Amino acid sequence: QVQLVESGGGLVQPGGSLRLSCVASGIIFSRNGMGWHRQAPGKQRELVARISTGTTTNYAESVKGRFTISRDDAKSTVYLQMNNLKPEDTAVYYCNTWNLAYWGQGTQVTVSS
């Protein structure tokens with residue numbers, strides 16, 4: 001059974017930082033690209049960042065230069081470091097496999113003063 005479990009969300013002031021983590025089980029993690037999507041209220045789910053089985057990364061234009069995706073295959077974990085957060089980054093953030101077959105339950109990120 002595949003499980004993706006996110007953590008690290010919360011309430012942060014504009015300009016602040018958060019690091020999201022996603023621990024995977026039930027898959028051979030090192031053979032899977034991984035990604036993060038987000039969904040804000042009333043909006044469609046959108047890709048935030050993804051990372052291949054190597055080191056190739058892709059980012060949404062809105063987060064380039066502020067967010068960094070990384071992975072630790074030994075820990076079966078993918079991370080999303082989010083810096084200089086803005087109110088428009090407020091959303092539920094979901095971890096997913098590259099092929100979008102598996103998703104986590106999501107973690108809420110709220111950016112507000």
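Values as computed for the structure displayed
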quantity	calculated
GNM result for the chain, Cα springs below 10 Å: residue of Q44, Q13, Q81 fluctuating most strongly	Q44
Candidates T90, T53, T77: whichever shows maximal mean-square fluctuation once the chain is modelled as a Gaussian network with Cα springs under 10 Å	T53
Vicinal HN-Hα couplings computed from phi for the stretch 80-94 (Karplus, 6.51 cos²θ - 1.76 cosθ + 1.60; Hz; Gly/Pro x)	9, 8, 10, 10, 6, 5, 10, x, 6, 7, 4, 4, 8, 9, 10
Average Cα contact separation per residue, the chain, under 8 Å, 6 or more apart, as relative contact order %	37 percent
Approximate spin-label separation S52-Q1, in nm, with each point projected 7 Å along Cα-to-Cβ	3.4 nm
FRET efficiency for I27 and T110, using Cβ-Cβ distance with R0 set to 35 Å, rounded to 0.05	0.75
Around E88: net Lys/Arg minus Asp/Glu count, Cβ-Cβ under 11 Å	+2
Spatial extent of the stretch 33-85: Rg and Dmax, with the Cα atoms as the point set, Å	11.5, 37
Spread of Cα-to-Cα distances over 10 Å intervals beginning at zero, given as percent, for the stretch 1-48	19, 44, 30, 7
Student exercise, the chain dipole from Lys, Arg, Asp, Glu Cβ charges, in Debye to nearest 20	80 debye
Inter-part distance where the stretch 52-106 and the stretch 1-26 are each reduced to a Cα centre, Å	9 Å
Under Karplus coefficients 6.51, -1.76 and 1.60, residue-wise ³J(HN,Hα) of the stretch 42-53 in Hz, glycine/proline x	x, 10, 6, 5, 10, 6, 9, 6, 8, 9, 6, 5
Volume per residue that the Cα convex hull of the stretch 1-100 spans, once the total is divided by residue count, Å³	97 Å³
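Taken together, the values in this text are just the output of simple stated rules run on the coordinates, not laboratory data. Bear in mind that the values here come from a model prediction, so they are computed numbers and not experimental data. FYI the Cβ positions are ideal-geometry reconstructions off the backbone, even for glycines, and counts take in every protein chain you see.
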